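Read the structure below first, then the notes.
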Amino acid sequence: MAPDDLAKYIEDNKDNKDKGKKIVISTFTAKDLVRLKNPDGSEFNKAHYYAHPNLYTGKFQDYLPYISFLVEGIYWEPKYPRVLTIKDLKEAH
């Protein structure tokens with residue numbers, strides 16, 4: 001399932017008694033993990049992100065209310081925004 005569809009899926013199934021028995025897999029890519037600090041209306045450009053990571057901020061915390069289990073396997077360097085922080089986790093749960 002696309003990450004942007006998670007909220008609607010959860011909302012549509014909130015009264016489903018079997019919702020806790022279904023595994024939903026969602027794969028996040030760079031466009032799902034960051035956004036421009038100063039949005040200009042343009043679509044995400046991976047090359048721009050890699051060239052100018054300082055212009056971006058993480059947005060993974062937006063998805064936290066819809067995630068109960070996370071397997072992360074992402075490469076990260078200090079020049080890139082953090083995908084998830086301890087503060088994000090504490091605020092989400």
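Quick rundown of the values:
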| item | result |
| --- | --- |
| Every residue from segment 42-93 that is farther than 21 Å from A7 by Cα, among the basic types (K, R) and in contact (Cβ under 8 Å) with a residue 24 or more places away in the chain | K79, R82 |
| Residue list for segment 43-76, restricted to those being in contact with a strand residue (DSSP E or B) (Cβ under 9 Å, 6 or more places away or on another chain) and aromatic (F, W, Y) | F44, Y49, Y56, F60 |
| Among (1) farther than 20 Å from E72 by Cα; (2) in contact (Cβ under 8 Å) with a residue 40 or more places away in the chain; (3) not aliphatic (A, V, I, L, M), the one test that N16 misses | (2) |
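All of the numbers you see were taken from the coordinates with simple rules; none came from a lab. Just so we're clear, the structure is a prediction, and the values are computed from it rather than from any experiment. Virtual Cβ from ideal backbone geometry, glycine too; neighbours counted across all protein chains shown.
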